[in-house]
Amino acid sequence: MKKIYISFCMFFVFSTVFAQIKNTQIMHNLSSIKNIGYVQPNSTPNTNSIAPVSFWTNDFSNSNDWIMVDLIHGGLQNWVITTQGPQGSYSNAMGPITSTSGGNFALYDSDYLNNAYNPQEATLTYNGTVDCSAFQNVNINFECYHRVFHDSLFVETSYDNFQTVAGRYRVHESIAVNSSSPNPDYVSVNISSTAGGQSAVYFRFHYEGEWDYATMIDDVSFSETPDNRITFDDETFGGWWIGYQSTNDLGADYTFYPMSQAMAQPYRFEGVVRNEGIQTQTNVMLNVQVEDPFTSMSVFNSNGITLNSGETDTLATATNFTPTMMGIHNFSFWASSNDTITDTIVRSAIVTDTIYGLDFDWNSDGANAGGGYYLGRSCGGQVLGNVYDIYTQDTLTSISFHVNDQSVVGAELKVELYEMDPNGDPILFDESDDYTLQAQDINNWVTLSLSNNNVLFPGTAYLAAVHGSQHPLDTSLISSNANPNSSSWLQDNGCDLGSGGMNAWYTISNALLIRMNFGPVSSGSTDIEEYFIDKKLLRTIDILGRTTKEKSNQTLFYIYEDGSVEKRIVIE
């Protein structure tokens, strides 16, 4: 069970920043609100995880090798070398870094050391120098586990023991607020401009923050920059970087994607490729292998480009992927050139008949529910919701949401549907009756029908939302996870989270476990008869694409040898 250690009046913490959201004009300041609870990784381990041959290494086994300096708080908020993971109320769910060497590692536990938006700044300096004189091109490599809020992590170099700084290189700049790096993430930074050919290079890690989560570092090494090296990350299957520009949508990564919507707007594969080697790379391509529920494979490729050393570009496959069957699909991403290839990143999505979602709770059992955002609080009943693009007309009948396990039995809430106004705030469209949380609802999914069957139109975005109620004790929360290619919103109804005032809308960083459900709501009972005729039954899968033999209380899809699919709704 997760615990909340912060004071009651500080359940939500935030910092107001300005940002522009694709295709949506926000009328109020944008708030990034710190997430509670478990940390949900947002991807598989990073590409290029195999390090080049190193000419210098350190695994923190001897703490005397490192000098830790707290630049603001006189040593009270400093780096430590330890074997224990973070201890803060927000950061402790991260656990320790699972580095290659194990044992000691360096930790800056910002959350444990601070309890408000007070500045933090500390350095972790190697107590010596590294001889790079034999190499004109040098990389520093290390394994890192980092969850980001408002902090920054830098690698810095010097020739005079940091009387002056020669080079400053930011790490994990692309990780979104409230999102984590893989555990561990293999980081390699080209420091040739300041370390190449130098006989005595000082280096350090520099943390700058203000009550964030935590950063862990282990297995530091120096290596010669390879001639041929490309990296790939920021993968998406929804068109987040490029595809949205031609369709005027979000380009979100829908992890539960109704077949009707997928056929109208196929999956769009994109990602970012960097040339981190010395040599120019030719015929640089993005490659994606799709595995469907029958484990048959299809490969999609981008057009080839040329990348000079240090250049970065965003690539998209030349064609999109239109699924032909429901169930889980695995997308394997990698980049290649004429001279090298990256490791593979695997992402997944489920093609459904009626469920539209952005979460990673594949079995709908809460196992991947992650942390949560407050809904009903003592200060007000807030609204939380996910934005969904509609590509073909369909009928929305209900909304499902996962009740975070910090919620209280007796809390009141309802679901709501909004139309996204491109020039202002969401517009309320429909809602359900009020609902009171029962004991069986805590840490489980709940589905509530809307008052009407709402026809949703293509070219319009809608917000599927849950609205909490103000109460001094009956708190409610909605679970979340880190899907960076999504758009989620919060309406502040009395808690003064930002400068917008009462009823102001803000974007939040993590996707919520809130789903749309299309199609009629069934009741009664249905008998099953199996008709095979001239078809051979291969297997039966349920609505999430899992092979099953159980035929009660679920929607089943019978998949036949000729590729046809038969849907059967079974209600006990």
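Data overview
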{"read-out": "Span from the segment 247-294 Cα centroid across to the segment 356-395 one, whole angstrom", "value": "24"}
{"read-out": "Convex hull per residue volume in Å³, alpha carbons only, for segment 53-160", "value": "128"}
{"read-out": "Whole-percent carbon and sulfur share, accessible surface of segment 114-191, 1.4 Å", "value": "41"}
{"read-out": "Karplus 3J(HN,Hα) series, Hz, for segment 326-338 with 6.51 cos²θ - 1.76 cosθ + 1.60 (x for Gly, Pro)", "value": "7, x, 6, 10, 9, 10, 9, 9, 7, 10, 8, 9, 5"}
{"read-out": "For segment 338-462, accessible area per residue (1.4 Å probe, heavy atoms of protein chains only), Å²", "value": "35"}
{"read-out": "Rounded accessible area per residue of segment 211-297, 1.4 Å, Å²", "value": "28"}
{"read-out": "Evaluated at q = 0.16, 0.19, 0.25 Å⁻¹: base-10 log I(q)/I(0), Debye formula over Cα of segment 215-296", "value": "-0.83, -0.96, -1.23"}
{"read-out": "Amide H within-cut-off set for W66, under 5 Å, with H built and near neighbours excluded", "value": "N127"}
{"read-out": "Summed residue charge, Cβ within 12 Å of L450's Cβ, Lys/Arg positive, Asp/Glu negative", "value": "-3"}
{"read-out": "Extension gain from V409 to L71, taking 0.36 nm per residue of separation minus the Cα-Cα distance", "value": "117.1 nm"}
{"read-out": "Counted charge near A465, where neighbours are those whose Cβ lies closer than 11 Å (Asp, Glu -1; Lys, Arg +1)", "value": "-2"}
{"read-out": "Range of Cα positions in segment 120-227 per principal axis (Å), largest first", "value": "41, 33, 19"}
{"read-out": "Whole-Hz ³J(HN,Hα) from phi, Karplus 6.51 cos²θ - 1.76 cosθ + 1.60, for segment 495-502, glycine and proline x", "value": "9, 6, 7, x, 8, x, x, 4"}
{"read-out": "Whole-percent carbon and sulfur share, accessible surface of segment 415-461, 1.4 Å", "value": "44"}
{"read-out": "Long-range amide H partners of N78 with built H, under 5 Å", "value": "none"}
{"read-out": "Extension gain (nm, one decimal) between S348 and N283, 0.36 nm per residue minus Cα-Cα", "value": "20.7 nm"}
{"read-out": "Bins of 5 Å, starting at 0 and running to the largest distance - Cα pair percent for segment 366-495", "value": "2, 11, 20, 24, 20, 14, 6, 2, 0"}
{"read-out": "Sulfur and carbon atoms: percent of accessible area, segment 205-262 [1.4 Å]", "value": "43"}
{"read-out": "Gained length - S199 relative to N301, 0.36 nm times residue gap less alpha-carbon distance", "value": "32.3 nm"}
{"read-out": "Solvent-accessible area per residue for segment 106-199 (1.4 angstrom probe, square angstrom)", "value": "36"}
{"read-out": "Percentage, to the nearest whole number, of Cα pairs in segment 365-433 over 18 Å apart", "value": "51"}
{"read-out": "Environment charge of Y202, counting only residues whose C-beta is closer than 14 Å and scoring Lys/Arg +1, Asp/Glu -1", "value": "-2"}
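The values are calculated or read from the model by the stated rules, or taken from the named source; none is laboratory data. Computed from a predicted model, the values in this text were never measured in an experiment. As a convention, Cβ positions derive from the backbone with ideal geometry for all residues, glycine included, and neighbour counts pool all protein chains shown. Please note that ligands, DNA and RNA were not included when accessible areas were found on the heavy atoms of the full protein model with its side chains. Shrake-Rupley method; radii C 1.70, N 1.55, O 1.52, S 1.80 Å.
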